[in-house]
Amino acid sequence: MQSLEQRRAIVTGASSGIGAATARALGRGGAEVVLVGRDARRLAQVAAECGPRARTVALDVRDAQAVQRELSGLGADLVVNAAGLALGAEKLPDGDPQEWSTVIDTNVKGVLHVLRATLPAMRSAGRGDHVLLGSAAGRQVYPGGNVYCATKHAVRALYEAQRVDMAGSGVRFSTVDPGMVETAFSGVRFRGDQARAKAVYQGMTPLTAEDVADVIVFVVTRPPHVNLGEIVMWPTDQASTTVVHRR
């Protein structure tokens, strides 16, 4: 296991959910953590739980210029590219193109912006970890998942492309792809309808954000010659994106 104490980490989507849990876990491990998200107040609250070396950068990953300006000079050797969301679960003909743009620009272009801003420093140093937060939805589609599933399939493709493009650079790439995780994700997807969001997890035991964070920390603390590339996480009650055991 490698120590985190000499590492500088950037975590996007760090104001809540898996991003926040990962920032906390990295901070507890001794890393200097830069928390990135849109909500400055919530970022500050999470940063206070990440140890004395934590700081925040409030920005929207959809803004390519802001990402480049704020993140490219940090010299991070560990990036967790976790910002993402879903909006709606309608069939495609009933979907909202403006919401599609928000999801695509965040989940795909946002990931690209962060990769572009942070990889040059890792390449120059000849080492680093870049973890993409994928999803089981990037491997199996499900009813109503159309655009969100497409974006997570794209994240998986970006992971595979970076492994090829950056071969020999010393940078390790990983994608951690969870199934059902109970966070604010479903509340956002259903536009604040908390009853509908809670029904997603009714009668089953989902993963927690901390479960995913534990795995991410495990990935980035392997010996330098070990690259855990693809990890798929399922709740025990979930067999696929469409098969869930409920009590």
Within the range 145-247, which helices (runs of 4 or more DSSP H) (wholly inside it) include 2 or more residues that are under 21 Å from VAL131 (Cα atoms)? 146-165, 209-220
In the range 140-155, how many residues are within 18 Å of VAL219 (Cβ to Cβ) and surrounded by fewer than 18 Cβ atoms within 10 Å (Cβ to Cβ)? 0
Does LEU71 satisfy the condition of being under 26 Å from VAL181 (Cα atoms) and in contact with a strand residue (DSSP E or B) (Cβ under 8 Å, 6 or more places away or on another chain)? no
Test ARG62 against the criterion of being more than 24 Å from THR241 (Cα to Cα), modelled with pLDDT of 95 or more and more than 16 Å from the chain's Cα centre (by Cα), and give yes or no. no
For the range 69-127: of the residues being among the hydroxyl-bearing types (Ser, Thr, Tyr) and either out of contact with any helix residue (DSSP H, G or I) (no Cβ under 6 Å at 6 or more places or on another chain) or buried (at least 18 other Cβ atoms within 10 Å of the Cβ) (or both), which is farthest from ARG7 (Cα to Cα)? SER101
Within the range 218-232, residues being in contact (Cβ under 8 Å) with a residue 40 or more places away in the chain, surrounded by fewer than 19 Cβ atoms within 10 Å (Cβ to Cβ) and not acidic (Asp, Glu) number 9
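The values are calculated or read from the model by the stated rules, or taken from the named source; none is laboratory data. If you're wondering where the values come from, they're calculated on a predicted model, not measured in any experiment. All Cβ positions, glycine included, derive from the backbone under ideal geometry; neighbour counts span all protein chains shown.
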